[in-house]
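The values are calculated or read from the model by the stated rules, or taken from the named source; none is laboratory data. Only a predicted model underlies this, so the values are computations on that prediction, with no experimental measurement involved. For neighbour counting, all protein chains shown are included, and Cβ atoms are generated from backbone atoms with ideal geometry for every residue, glycine included.
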Amino acid sequence: MTYRLPKQAKKLLEQQHTLPYLLYTDNGGYQVTIYTTLGKISGIVIQHESGKTADEKETEAILFQLQKYYFYFEYLRKRLALVKEKDSSIAEKIEVQSAILEEQVLFDEKIQPKADALKTMLHVFDQQQCKMDVYQEDISLLNEKIKLQQKITSEDWEAAEDLAIAFGTSAYAQSIYLQDYRSLRKALQKWTAEQQKQLPAAKRRELNKLLTLLSDTNAGLVFDHILSLVPRLEENLMLDKERSKAARISEFQKEFGNYVKFYKPDIAKVKALVRK
């Protein structure tokens with residue numbers, strides 16, 4: 001038997017948030033208040049700056065803008081909820097501890113290709129994470145700018161679109177290279193165990209530190225969270241997954257860029273939540 005909260009109890013749990021800026025149409029600015037119950041949107045109120053409730057046409061225009069701006073940074077929100085910025089701290093540790101993979105004379109012919117592939121993967125992870133950290137800061141600054149000026153200008157819309165494409169492309173590039181991380185780590189782990197007695201003590205410790213960092217309870221957990229979001233990035237895109245990594249990233253950048261630029265939200269479901 002499913003327990004349902006009485007309507008009165010739901011009202012008590014309801015929270016409201018008024019956007020700290022106005023959304024504009026040719027008729028002026030509109031204030032949007034969003035009501036949530038237990039984390040889910042339960043109602044939306046749209047009022048003209050004069051105090052008048054928006055009519056149907058005005059409501060649709062505002063909902064279109066509201067959903068489009070939300071869409072731009074939807075992936076970032078989902079990623080933050082899962083990873084909680086651990087990707088940045090992991091990248092810093094990887095930059096230091098992956099230096100052991102530069103030791104060309106350390107590895108034999110059997111493991112060298114795997115070590116090189118792991119080195120490339122970790123380099124791409126760090127490189128793209130650095131880019132995303134910058135983009136995330138730019139997004140925060142953009143949101144603060146919009147809040148201070150009380151509106152989203154045409155310049156802001158362009159910036160949001162560009163940042164959404166840039167962040168998504170970096171995230172995809174990072175994800176594509178991460179797909180082989182577990183097999184590469186296990187190969188290096190097996191080789192290190194087999195070569196314990198032959199490896200210099202200092203090098204063995206460095207390798208073990210790196211392998212511990214890449215374990216399933218450390219960086220591996222973060223990698224898995226990032227990989228779980230790949231379907232979200234690929235959604236509604238026609239991509240050839242049989243191509244090389246570089247070709248896939250290039251194709252994604254083009255397809256995702258067009259998808260973001262021409263994105264048209266379906267407002268029907270959200271429109272049903274509008275309160276008059």
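A few remarks follow.
- Selection of helices (runs of 4 or more DSSP H) fully inside segment 112-195 by the criterion of at least 3 residues being modelled with pLDDT of 95 or more, among the β-branched types (Val, Ile, Thr) and assigned by TED's automatic domain parsing to the domain that holds LEU213 returns 112-149, 154-178.
- Any hit, segment 210-224, residues being surrounded by 14 or more Cβ atoms within 10 Å (Cβ to Cβ), without any contact (Cβ under 8 Å) to a residue 12 or more places away in the chain and over 30 Å from GLN195 (Cβ atoms): no
- Odd one out for LEU207 among (1) in contact with a helix residue (DSSP H, G or I) (Cβ under 6 Å, 6 or more places away or on another chain); (2) assigned to a helix (DSSP H, G or I); (3) closer than 21 Å to SER250 by Cα; (4) not charged (D, E, K, R): (3)
- Among residues of segment 89-102 that are touching a residue at least 24 places away in the same chain (Cβ under 8 Å) and buried (at least 20 other Cβ atoms within 10 Å of the Cβ), those with a beta-carbon under 6 Å from a residue that is in a helix (DSSP H, G or I) and among the β-branched types (Val, Ile, Thr) at least six positions away or on a different chain give the pairs ILE90/VAL222.
- Test: PHE256 is in the same structural domain as GLU95 (by TED's automatic domain parsing), in contact with a Gly (Cβ under 6 Å, 6 or more places away or on another chain) and either assigned to a loop (DSSP other than H, G, I, E, B) or not small (Gly, Ala, Ser) (or both): yes
- When residues in segment 50-98 are screened for being aliphatic (A, V, I, L, M) and in the same structural domain as ALA171 (by TED's automatic domain parsing), 9 of them pass.
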